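J.: Sharing a structure here in structure tokens format.
Laboratory data are not the source of any read-out in this text; all were calculated from the coordinates shown. Quick caveat: nothing in here was measured; it's all calculated off a predicted structure. Cβ sites come from the backbone with ideal geometry, for glycine too, and all protein chains shown count toward neighbours.
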């Protein structure tokens, strides 16, 4: 069977796998954005306790493999609580917590790369700290962060393949299941790889366009 | 009642005592120029007046508001104190007009239309009416600093603080900024200006203050301080810069 025939024959299963990959990634990224902003602001907070909590969160997530985090959330926690999460929920939690920690560092770095004088100028006009943040600091920080944000989206999309280990039938797991039937592992993995590659290339293209537009706006 | 009253102001950064005991009163409409060697504490003093630096001791009253009161509403007090920075600090993601409109609109003191009208008038006043739609990065340093002055004036402050406003400018742009400041002084604005422009201080200041090593060492009308300094450190400093 040619690679094209293989693709056509397994089209419904592959598309449903791709769909799981995409929606798990999108939900995780949305949660990660919230986590990233909250913990990112906590990382630069003057409150020691808030800063401490955020640092511990980031350290734990960055210091452990995502596959261990997935096992811990899917198998470890139910072992104690007795409540079993389904693979999708556990997968989304894992991916969100993971991307959230890296995003927190992005947010911290982005905010800190805005010159200190910007905050001072805004405060000297009478703006509160949060007004200065939303009006002056964050709009500039987001521009600086944009390439890293896209990069994080790509990493999270690819990391979602790890969730196959807890039985989530996303794209990678779908590929494995199909190969278990037809033994066409060479061609099937090429198909799966291309199916990851296409959305990622689209994402990269979009970010380049936005970046270009922002640059024009700045001049 | 003085517009600005600084009493026994002290400021330390960790172990470094920058301001040791500063006492200063500024009357309404008075223009004070603060001079002194770098590291003498003159910028720190200025930044304490609007609490960009938290003072370690003493009190600062601006317009009956106690700036050093930790329970006071510093955001509200600052609305009345304009500040112009050495590095301009314009908001690079906003146009010139938006820079000037931003604070009154964000603080809901004016509607967008009112703020825009004020902003256009202020830009005309600093000679930049035609630059309203430019981005800050398209302007020269002197133009940026004039926008920064307009931005501060948009809050209609009673007091203006200038922190070495011409130190980051190319020499040929110093004049245009000083002219705007001179006009402001003539219109009766209360101003405290930290500067190295001795010519400006001599011409525009009502009073010159010489700070060295965390103290006000000498103060008086410019003719007296410049022509007949009493303190040896003032003499030494003026010999170097004049």
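J.: Report relative contact order for region A:3-218 in percent, whole number only (criteria: Cα-Cα under 8 Å, sequence separation at least 6).
T.: Relative CO of region A:3-218 lands at 30 percent.
J.: Between residue A:11 and residue B:206, what is the label-to-label distance in nm when each label sits 7 Å out along the Cα-to-Cβ direction?
T.: 8.5 nm
J.: Considering every residue in A:131-137, what mean count of other chain Cβ atoms within 10 Å of its Cβ is obtained?
T.: 3
J.: In which sequence would A:138, A:125 go, from the one with the fewest C-beta neighbours within 10 Å to the one with the most?
T.: Arranged by neighbour count, lowest to highest, A:138, A:125 become A:138, A:125.
J.: Looking at chain A as a GNM with Cα springs under 10 Å, which of A:100, A:17, A:126 has the largest mean-square fluctuation?
T.: The residue that fluctuates most here is A:126.
J.: Report, in degrees rounded to the nearest 10, the 0 to 90 angle that the Cα long axis of helix B:96-106 makes with the longest principal axis of chain B.
T.: Roughly 80 degrees between the two axes.
J.: For region A:72-135, what D do you get in µm² per second when you plug the Kirkwood radius from alpha-carbon pairs into Stokes-Einstein at 20 °C and 1.002 mPa s?
T.: For the chosen part, D equals 144 µm²/s.
J.: OK, next. Helix A:11-43 against the longest principal axis of chain A: what's the angle in degrees, Cα atoms only, rounded to the nearest 10?
T.: Relative to chain A, helix A:11-43 is tipped by roughly 20 degrees.
J.: If I build a Gaussian network model for chain B, linking alpha-carbon pairs within less than 10 angstrom, which residue out of B:160, B:102, B:45 has the largest mean-square fluctuation?
T.: Residue with maximal mean-square fluctuation among B:160, B:102, B:45: B:102.
J.: Please find the FRET efficiency linking residue B:219 to residue A:142, where r is the Cβ-Cβ separation and R0 is fixed at 45 Å, and quote it to the nearest 0.05.
T.: 0.45
J.: Then there is this: State, as an integer percentage, the relative contact order of chain B based on alpha-carbon contacts under 8 Å between residues 6 or more apart.
T.: 26 percent
J.: For chain A, take the longest principal axis of its alpha carbons; what is the angle in degrees between that and the long axis of helix A:48-62, to the nearest 10 within 0 to 90?
T.: Helix A:48-62 and the main axis of chain A meet at about 20 degrees.
J.: Please state, rounded to one decimal and in Å, the Kirkwood hydrodynamic radius that region A:76-219 gives when every pair of distinct Cα atoms enters the mean of 1/r.
T.: Computed over region A:76-219, the radius equals 18.6 Å.
J.: Using a 7 Å offset from the Cα along the Cα-to-Cβ direction at both residue A:2 and residue A:68, what is the distance between the two label points in nm, to one decimal?
T.: It works out to 4.8 nm between the two label points.
J.: Please give the residues of region B:184-217, grouped as numeric ranges, whose backbone N is less than 17 Å from a label point set 7 Å along the Cα-to-Cβ vector of residue B:27.
T.: B:185-192, B:204-209, by backbone N distance to the label point.
J.: Considering chain B as a Gaussian network with a 10 Å cut-off on Cα pairs, which listed residue, B:210, B:162, B:13, attains the greatest mean-square fluctuation?
T.: Comparing B:210, B:162, B:13 in a Gaussian network model of chain B, the most mobile one is B:13.
J.: When only alpha-carbon atoms count, how far does chain B stretch along each of its three principal axes, as whole angstroms with the largest first?
T.: The principal-axis extents, from largest down, are 53, 45, 33 Å.
J.: Please pull out the direction-averaged projected area of the protein assembly as shown, using the convex hull of its alpha-carbon atoms, in nm² to one decimal place.
T.: Quarter of the Cα hull surface area: 29.1 nm².
J.: Moving on. With a point put 7 Å past each Cα toward its Cβ, work out how far residue B:179 is from residue A:214 in nm, to one decimal.
T.: Those two pseudo-labels are separated by 3.9 nm.
J.: A further question on this structure: Would you mind giving the three semi-axes, in whole Å and largest first, of the ellipsoid equivalent to region A:118-196 according to its Cα gyration tensor?
T.: 48, 12, 6
J.: Can you pull the Rg over Rh of region B:75-188, Cα-only, Kirkwood?
T.: Checking Rg against Rh, the ratio lands at 0.93.
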